[in-house]
Amino acid sequence: MVPPLSISGLTKVYTGSRPVTALNGVDLEVEPGEIFGLLGPNGAGKTTTVGVSTTRIRPTSGRVLVEGKDVQADPAGVKRLIGVVTQQNTLDRACTVRENLYYHCRFFGFSASAAAQRATELLDRLRLGDRAESTPMELSGGLAQRVQIARAIAHRPRMLFLDEPTA
């Protein structure tokens, strides 16, 4: 069985006037059904590891496979398999909460009716129905985070990445 997440020799060096090595040869394998957390102090490379694993950051070297798909060779294939909740609010501020969920579903290939149904289901499940027509700017930090979680699971990903989940 292919592991859901396999990281081998992962290195990331941020270049600049003073290069910073954020990751230096990280090896990690997550087993099916496993809940896994990266713990460490600020600057330890947790967010960079998540960023590479979710295709948002290109590694300097090494390899990351999500269910056998290489994050560099097949980023679109990887994105179909994962949901991501970042530590920053990335909701579309020009859209309502419902529209954020609806358009996310449409992006992942849902029909218009299936996307509308899934958005309503998530609004109900995460107790966001009374905020469906609000914009993200009208939400508290906690409510916005809840909407981001709803959006991350909207397309029914096989794996969920939470960066700074306690935030």
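Here are the numbers for this structure:
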| read-out | value |
| --- | --- |
| Residue under evaluation A115, criteria (1) in contact with a Lys or Arg (Cβ under 6 Å, 6 or more places away or on another chain); (2) in contact (Cβ under 8 Å) with a residue 24 or more places away in the chain, criterion not met | (2) |
| Positions within the stretch 95-119 being among the small types (G, A, S) and assigned to a loop (DSSP other than H, G, I, E, B), in sequence order | G109, S111 |
| Filter result (part of a helix (DSSP H, G or I) and over 24 Å from A112 (Cα atoms)) within the stretch 145-165 | Q145 |
| Residue that is farthest from P4 (Cα to Cα) [pool: residues in the stretch 77-128 that are of a type in the set (G, A, S) and exposed (fewer than 14 other Cβ atoms within 10 Å of the Cβ)] | A94 |
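For (1) in contact with a strand residue (DSSP E or B) (Cβ under 9 Å, 6 or more places away or on another chain); (2) over 19 Å from H155 (Cα atoms); (3) among the aliphatic types (A, V, I, L, M); (4) at pLDDT below 95, each residue gets a yes or a no:
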position	(1), (2), (3), (4)
V13	yes, yes, yes, no
P32	no, yes, no, yes
K46	no, yes, no, yes
A115	no, no, yes, no
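The values are calculated or read from the model by the stated rules, or taken from the named source; none is laboratory data. A quick note: this is a predicted structure, and the numbers were derived from the prediction, not measured. Virtual Cβ from ideal backbone geometry, glycine too; neighbours counted across all protein chains shown.
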